[in-house]
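The values are calculated or read from the model by the stated rules, or taken from the named source; none is laboratory data. Model, not experiment: these values are computed from the prediction. Counting neighbours? That spans all protein chains shown, and the Cβs are built from the backbone with ideal geometry, glycine included.
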Amino acid sequence: MKLVLDLLNNDQRRMTMPVRHPEKQANSDTPVLRKPEWIRVKAPGSPAYMETRKIVREHGLVTVCEEAGCPNIGECWEKKHATFMIMGEICTRACAFCNVRTGLPQPLDPLEPQHTAETVRKLGLLHVVITSVDRDDLDDGGAAHFAAVIHAIRALNPTTTIEILTPDFLRKPGALEVVVAAKPDVFNHNLETVPGKYPTVRPGARYFHSLRLLQRVKELDASIFTKSGLMVGLGETRTEILQVMDDLRVADVDFLTIGQYLQPTRKHHEVVAFITPDEFKSYEVIANAKGFALVSASPLTRSSHHAGDDFARLKRARAGA
Ligand code: SF4
């Protein structure tokens, strides 16, 4: 059976698809810098990658690996590491760096916690990372749904450790407490950039709210590892990055990730600079000296990259091994 879409050429198809980022359409095109050789990655497509893709599709799940156009997808999916994005694929914020679709989201899927737990079992994951879109439209920002997903994964996969990468739950009193009570093993919330860049990069968010969120997790449950990530190359200065490191240490954050910002489309924030591998190394050395239990800083570092291995390293660091 042929569908109408099958009969259209690529240009016509594009015109029939809803615009991915309606709020960015009026932006002028930003210049695109040529990627340096240290950013290049292999195109995905190995049999193990295809198998992961099939399992994700069969369960109707959304992954941030695909939605964000992550450059590591070939490597991660080959090892069956996927980061699941819950609560739909439409985000209520409109960050200038992010490729996730924006607009008015669909109602929550009550079967999503169970489907996510089943997929974790099918992939045989020892450590799973769950993230979500922002759901400012929900009274609790989706906190109860996050908790339901954690409980469902744990019920079906009792030995799998769970890492969550959450929105900021801005103006959602009580939401954070609900998520923390579900006891994820790692609580990640990315600051993304330095405070001076928030108005242009993350206009819907507040730097000190995000920082306080991380600090509050530790106050509520000191056994949970906390983690945060930064993108560099957005025009920030080195001094600003070092200040953010200090802020994160004051908030008692355990694990810092730093990676190169890559521009999803010409309507997104421009890449102001490609930070060299040596500069990343220097950030890593400084962050370690500031007292983080773990630091990962490289051009292709992403919050969920090698998350399982990093979790094992975090546990060893806490145990003083
Ligand atoms: S780094 Fe994270 S988002 Fe990117 S492909 Fe790997 S698991 Fe997915």
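Among the conditions (1) within 16 Å of the ligand (Cβ to nearest atom); (2) within 30 Å of Lys24 (Cα to Cα); (3) surrounded by fewer than 20 Cβ atoms within 10 Å (Cβ to Cβ), Ser303 misses just one, which is (3).
For Asp309, the test of being surrounded by fewer than 19 Cβ atoms within 10 Å (Cβ to Cβ) and within 16 Å of the ligand (Cβ to nearest atom) is passed.
Taking Arg171 as the residue in question, decide whether it is touching a Cys at 6+ places or on another chain (Cβ under 8 Å) and more than 22 Å from Arg318 (Cβ to Cβ). Answer is no for this residue.
Kindly indicate which of Ala148, Ala152 is in a helix (DSSP H, G or I), crowded, with 18+ Cβ neighbours inside 10 Å and touching a Ser or Thr at 6+ places or on another chain (Cβ under 8 Å). I'd like the intermediate steps shown before the answer.
On the way: Ala148 fails: touching a Ser or Thr at 6+ places or on another chain (Cβ under 8 Å).
The conditions single out Ala152.
Selection of helices (runs of 4 or more DSSP H) fully inside the stretch 7-121 by the criterion of at least 2 residues being within 14 Å of the ligand (Cβ to nearest atom), of a type in the set (Asp, Glu) and surrounded by 13 or more Cβ atoms within 10 Å (Cβ to Cβ) returns 64-67, 73-78.
Per-residue answers, yes or no, for (1) within 15 Å of the chain's Cα centre (by Cα); (2) modelled with pLDDT of 90 or more:
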{"site": "Arg57", "(1), (2)": "no, yes"}
{"site": "Leu61", "(1), (2)": "no, no"}
{"site": "Val64", "(1), (2)": "yes, yes"}
{"site": "Gly74", "(1), (2)": "no, yes"}
{"site": "Glu78", "(1), (2)": "no, yes"}
{"site": "Met87", "(1), (2)": "yes, yes"}
{"site": "Phe97", "(1), (2)": "yes, yes"}
{"site": "Thr102", "(1), (2)": "no, yes"}
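Looking only at the stretch 248-255, decide whether some residue is within 16 Å of the ligand (Cβ to nearest atom), touching a strand residue (DSSP E or B) at 6+ places or on another chain (Cβ under 8 Å), modelled with pLDDT of 95 or more and within 20 Å of Leu213 (Cα to Cα). Steps first, answer last, please.
So in the stretch 248-255, the residues within 16 Å of the ligand (Cβ to nearest atom) come out as 255.
Pick out the ones that are also touching a strand residue (DSSP E or B) at 6+ places or on another chain (Cβ under 8 Å) and you get 255.
Among the residues that remain, those that are also modelled with pLDDT of 95 or more are: 255.
From the residues that got through so far, the ones that are within 20 Å of Leu213 (Cα to Cα) too are 255.
Yes - at least one qualifying residue is present in the stretch 248-255.
Glu163 meets the stated requirement of being part of a strand (DSSP E or B) and not hydrophobic (A, V, I, L, M, F, W, C).
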